[in-house]
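J.: Below is the structure I would like to discuss, written out as structure tokens.
The values are calculated or read from the model by the stated rules, or taken from the named source; none is laboratory data. Since we're looking at a predicted model, the values are computed, not measured. Cβ sites come from the backbone with ideal geometry, for glycine too, and all protein chains shown count toward neighbours.
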């Protein structure tokens, strides 16, 4: 049986009813302006300079913009044109920068971002713990445990490579068992390096390890 289509306009929206199911299409958002706030970077080590930017569907209707930088209930700045703010976060923690936009009709709209600021020493320690955990697993010839420290998308590749090099895992561990120093603590990809280049035959190899932050709130090794 052919589907029955019924088009009806209501409250600025077109609804398509297909076999009894309604789908909103062409919604007119002018009645509920969309406000969004973005933070860059969303994650960093202290002290961090974070750029906060608010956007709204209809900027011409804005009367006042009020900012609560840390999300603690205290407004830090307000005015008619404060679309962009640069804030320095000196302490560590999870912050929720909040903006309230008031339009010329007196209606208010709120948006919030998330900013995570970490201690560089704590982050470096966490990265080194992951690095040592991977190497300890390889030292035991436990490839499955070793890949648990690797970024999800890289696990199959590393599992294959370590299986091929299974007779040399001890040599790999001896070569790469060095402490790492954090060099880039911004964003969801960070980098740590060995203080000194690693000896590889007659050459010395600069070791750089890239970590990524995954959805379970853990750092994983993407490459080295």
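J.: Could you list, in sequence order, all residues of region 36-53 that are under 12 Å from residue 86 (Cα atoms) and surrounded by fewer than 19 Cβ atoms within 10 Å (Cβ to Cβ)? Give the steps one after another, and end with the answer.
T.: Initially, region 36-53 is screened for residues under 12 Å from residue 86 (Cα atoms), giving 38-41, 48-53.
Those that are under 12 Å from residue 86 (Cα atoms) and surrounded by fewer than 19 Cβ atoms within 10 Å (Cβ to Cβ): 38, 40, 41, 49, 51, 53.
J.: Would a scan of region 164-180 turn up a residue that is in a strand (DSSP E or B) and at pLDDT 95 or above?
T.: Yes, the conditions are met somewhere in region 164-180.
J.: Hey, another quick one. Looking at region 189-205, which of the residues that are touching a strand residue (DSSP E or B) at 6+ places or on another chain (Cβ under 7 Å) and in a loop (DSSP other than H, G, I, E, B) is surrounded by the most Cβ atoms within 10 Å (Cβ to Cβ)? Spell out the reasoning first.
T.: Going through region 189-205, the residues touching a strand residue (DSSP E or B) at 6+ places or on another chain (Cβ under 7 Å) turn out to be 189-195, 197-198, 204-205.
Cutting the leftovers down to in a loop (DSSP other than H, G, I, E, B) gives us 195, 197.
Working: 195: 9, 197: 13.
Only one residue tops the list, namely 197.
J.: Looking only at residues in region 113-140 that are surrounded by 14 or more Cβ atoms within 10 Å (Cβ to Cβ) and outside any helix (DSSP H, G or I), which one is farthest from the chain's Cα centre (by Cα)?
T.: Among those that are surrounded by 14 or more Cβ atoms within 10 Å (Cβ to Cβ) and outside any helix (DSSP H, G or I), it is 119.
J.: Additional query: Could you tell me whether residue 186 is part of a loop (DSSP other than H, G, I, E, B), in contact with a strand residue (DSSP E or B) (Cβ under 7 Å, 6 or more places away or on another chain) and not assigned by TED's automatic domain parsing to the domain that holds residue 39? Before the answer, list the steps.
T.: Numbers: part of a loop (DSSP other than H, G, I, E, B): yes; in contact with a strand residue (DSSP E or B) (Cβ under 7 Å, 6 or more places away or on another chain): yes; not assigned by TED's automatic domain parsing to the domain that holds residue 39: yes.
Yes.
Rundown of residues vs (1) farther than 30 Å from residue 88 by Cβ; (2) surrounded by 14 or more Cβ atoms within 10 Å (Cβ to Cβ), yes/no style:
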{"site": "145", "(1), (2)": "yes, yes"}
{"site": "155", "(1), (2)": "yes, yes"}
{"site": "168", "(1), (2)": "yes, no"}
{"site": "172", "(1), (2)": "yes, yes"}
{"site": "185", "(1), (2)": "no, yes"}
{"site": "208", "(1), (2)": "no, yes"}
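J.: Another question, then. If you check residue 2 against the conditions, is it modelled with pLDDT under 95, over 21 Å from residue 117 (Cβ atoms), out of contact with any strand residue (DSSP E or B) (no Cβ under 6 Å at 6 or more places or on another chain) and surrounded by fewer than 11 Cβ atoms within 10 Å (Cβ to Cβ)?
T.: yes
J.: Kindly provide the set of residues from region 53-74 that are more than 13 Å from residue 100 (Cβ to Cβ), assigned to a strand (DSSP E or B) and either at pLDDT below 95 or not assigned by TED's automatic domain parsing to the domain that holds residue 37 (or both), ordered by number.
T.: 55
J.: Applying the selection to region 75-92, what residues are in contact with a strand residue (DSSP E or B) (Cβ under 6 Å, 6 or more places away or on another chain) and either part of a strand (DSSP E or B) or within 30 Å of residue 121 (Cβ to Cβ) (or both)?
T.: Result: 76, 77, 78, 84, 85, 86, 87, 88, 89, 92.
J.: Would you please list the contacts, defined by Cβ atoms under 7 Å and residues six or more apart or on different chains, that run from a residue in region 108-131 that is outside the structural domain of residue 96 (by TED's automatic domain parsing) and over 19 Å from residue 47 (Cβ atoms) to a residue that is in a loop (DSSP other than H, G, I, E, B) and modelled with pLDDT of 95 or more?
T.: 128/179; 130/149
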